[in-house]
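The values are calculated or read from the model by the stated rules, or taken from the named source; none is laboratory data. In this text, all values refer to a predicted model and were calculated from it rather than measured experimentally. Here the Cβ is made from the backbone with ideal geometry for all residues, glycine too, and neighbour counts use every protein chain on show.
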Ligand code: FIX
Ligand code: ZN
């Protein structure tokens, strides 16, 4: 039994530092996915978060940037963000945390030496080392059946590494039906431009087949700030007639990532997406209207976070997760985690990494653990002040839930 407040806080911090992670949303892939697996220093430097920060300095136009080879792009990012200015942003600090974790000399600023280090590692060794150093047990991929590189891999029964869990991404289906229906027709599904009952049945068949083929843990979609439910049009019909019935039948959650405005500045490509505040009513309507479905929701706007946490209090079939993208910064993780701990206690998933580059697991989780650990330690200190005592085992139980157990339990419901 831990009685002292400081000892309680230290035990919480330690449990969070040592927790094994199940990372519920990433864009990472195992070796068998070939070019989809991104790793190493040049991928780290050309992460779209850093491209946006580099182009802000105006040394080069977006167009000229895209003409460069990846190595030249990485050189430019390095020079602009790390040499010409101090790399204090979260994304820049992340690169340095990665180098440090690998035991490289960050102070040397020797990009050539960093490249040599990564070049010398095989994919297998690289993957093993990152998972081990990051304390990550497994990550959930983003598996897009409409992606021309990924689709044939699945059709050819791609070999799965058990550390990489599948999740079926359905953005193309829900957000671009105008073009997707003809693609699906080419693949042998009898769908029309308009989602009539025959098309809906064919889309259900498509989803069922892909869930079985991939063993997806959940289906996921990203949605714009003006997402409404119910809504007229193909997306609303596809959700109610296809996504929800199939998700219910398969017993898997439907994950909604709400609030992204794609291509606000298309010249920046992936770095050109932005955000907006969404209407929480859509989440309420879904959770209330479909009590037999399980929903996982994350929202991109800071302004939506309080109401999302309140909505989770109302609906046991809603699991809120992560500090997504522009929220994955220490200041906002701290604020969001405290709001969630106060309103929901331990029944939420505080973070996912959204990594696109394998090595990012090292920094995203280290930085998040520090902030979440501190927020959690404060909660337990307040608890200790009431005279309540906790055991080490209870702290570990709680922390393990936040970093993996809550997700597994939600899947199993
Ligand atoms: O839609 C998503 O899954 C987003 O997370 C990504 O598309 C985004 O580009 C990203 O990398 C955010 O972290
Ligand atoms: Zn993502």
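Considering 241, 231, the condition of being more than 22 Å from the chain's Cα centre (by Cα) and surrounded by fewer than 17 Cβ atoms within 10 Å (Cβ to Cβ) is satisfied by 231 alone. Evaluating residue 195 against the criteria (1) crowded, with 19+ Cβ neighbours inside 10 Å; (2) part of a helix (DSSP H, G or I) leaves one unmet condition, (2). For region 67-85, the criterion of a residue being away from ligand 1 (no atom under 16 Å from the Cβ) and either in contact with a strand residue (DSSP E or B) (Cβ under 6 Å, 6 or more places away or on another chain) or at pLDDT below 95 (or both) is satisfied by no position. No other residue among 265, 304, 329 is within 28 Å of residue 365 (Cβ to Cβ) and touching a helix residue (DSSP H, G or I) at 6+ places or on another chain (Cβ under 7 Å) apart from 329. For region 248-276, filtering for residues that are part of a loop (DSSP other than H, G, I, E, B) and surrounded by 14 or more Cβ atoms within 10 Å (Cβ to Cβ) leaves 5. Quick check, is residue 361 within 19 Å of residue 20 (Cβ to Cβ) and more than 16 Å from ligand 1 (Cβ to nearest atom)? For residue 361, the condition - within 19 Å of residue 20 (Cβ to Cβ) and more than 16 Å from ligand 1 (Cβ to nearest atom) - is not met.
One line per residue, one yes/no per condition, for (1) touching a residue at least 40 places away in the same chain (Cβ under 8 Å); (2) in contact with a strand residue (DSSP E or B) (Cβ under 7 Å, 6 or more places away or on another chain); (3) buried (at least 17 other Cβ atoms within 10 Å of the Cβ); (4) closer than 23 Å to residue 101 by Cα:
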position: 341; (1), (2), (3), (4): no, no, yes, no
position: 345; (1), (2), (3), (4): no, no, no, no
position: 354; (1), (2), (3), (4): yes, no, yes, yes
position: 357; (1), (2), (3), (4): yes, yes, yes, yes
position: 371; (1), (2), (3), (4): yes, no, yes, yes
position: 389; (1), (2), (3), (4): yes, yes, no, no
position: 394; (1), (2), (3), (4): no, no, no, no
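Every listed requirement among (1) within 16 Å of ligand 1 (Cβ to nearest atom); (2) more than 21 Å from residue 276 (Cα to Cα); (3) in a helix (DSSP H, G or I) is met by residue 366 save one, (1). The residues on offer are 315, 326, 321, and the sole one that is away from ligand 1 (no atom under 14 Å from the Cβ) and surrounded by 15 or more Cβ atoms within 10 Å (Cβ to Cβ) is 315. Scan region 198-206 and give yes if some residue there is under 24 Å from the mean Cα position of the chain (by Cα), farther than 30 Å from residue 159 by Cβ and not in a loop (DSSP other than H, G, I, E, B), otherwise no. So far as region 198-206 goes, no, none of its residues is under 24 Å from the mean Cα position of the chain (by Cα), farther than 30 Å from residue 159 by Cβ and not in a loop (DSSP other than H, G, I, E, B).
Residues are listed down the side, and each one gets a yes or a no for (1) touching a residue at least 60 places away in the same chain (Cβ under 8 Å); (2) within 16 Å of ligand 1 (Cβ to nearest atom); (3) within 21 Å of the chain's Cα centre (by Cα):
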residue: 7; (1), (2), (3): no, no, no
residue: 14; (1), (2), (3): no, no, no
residue: 33; (1), (2), (3): yes, no, yes
residue: 43; (1), (2), (3): yes, yes, yes
residue: 49; (1), (2), (3): yes, yes, yes
residue: 59; (1), (2), (3): no, no, no
